[in-house]
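Data block below; observations after.
Each reported figure results from applying straightforward, stated rules to the coordinates on display, with no laboratory input. It should be emphasised that the depicted structure is a prediction, and the values quoted were computed from it without experimental measurement. Because the Cβ atoms are built from the backbone with ideal geometry, glycine has one as well, and the counts that use them run over all protein chains shown.
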C-alpha cells in the first residue's frame, strides 16, 4: 500500500484545454495524488549521413521546439500545483507507447491518465493502436479523458503542414530534380488541408495527404524531416 501521495502518470498532448483536466483536478484533491505530467514529442530524426547547414538548422529548430514544449508543460503542471498536488514534469521524446509505459514504471504510477486532443484524436486513442497497446501492457488502471469539442485543430498538425509547404516552396540547391508530379500532388494536398480546416471532408483530406506522404520518396534531409513531422501527427501516433 502506498503511504503518502499516490503517484499517477498523466500523459498529455500540448497545448492542453484546461477544461479537460477538470475531472483529474477534482479527483486529485480527494485522492491525494502525486502527479507525473508527461508529454512525448516526436524524437529527433536520425541525421546520420547528413551534413551541412540543413543539419544544423534542423537541430536548432528541434531544440527550440523542445524548449517551447517544456514551457507549456510547466504551465500545465501549475494547474495541479495550484490545487495542492505535488507535480513533476517529464518531457521525453520517443515512441509514444514505449515512453508512456516506461515512465509509468519509472514513477511507480498507480494510474495512467491519457488526455487526448480534439475529439477525433481521442477517438483514435480509444480504438487505435496507442491506447490498445497501453491497455494490454499496463499493470495499472488506464483512464482516457474525453477531448474538448471546442478545441481547435491540433496545432502540431497545423505547424507541421505549414513547415512542409515552406520547405517545398523554398528553392534549395540540389533539389530541383525532386520537383516532379508527386511533389506537386503532395503540395496540393497539404495546401487544401491547411486552407480549408473546417471542411466537412477534413478527415478525408487528412487521409489524402497521408497517402501522398507515403508515396513520396526523397533523400533530402530538410524535406524528409518536414514530411516525417506531418506523417507523425496525421497517423494519430502523436500525443
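Observations on the structure shown:
- Between residue 139 and residue 188, the modelled labels are 5.4 nm apart [label points 7 Å from Cα along Cα→Cβ].
- Relative exposure of 81, 97, 10, judged by other C-beta atoms within 10 Å (fewest first): 81, 97, 10
- Two-site label geometry, residue 32 and residue 63: point separation in nm, points 7 Å out along Cα→Cβ: 4.4 nm
- Label separation (residue 166 vs residue 195): 2.0 nm, computed from points 7 Å beyond Cα along the C-beta direction.
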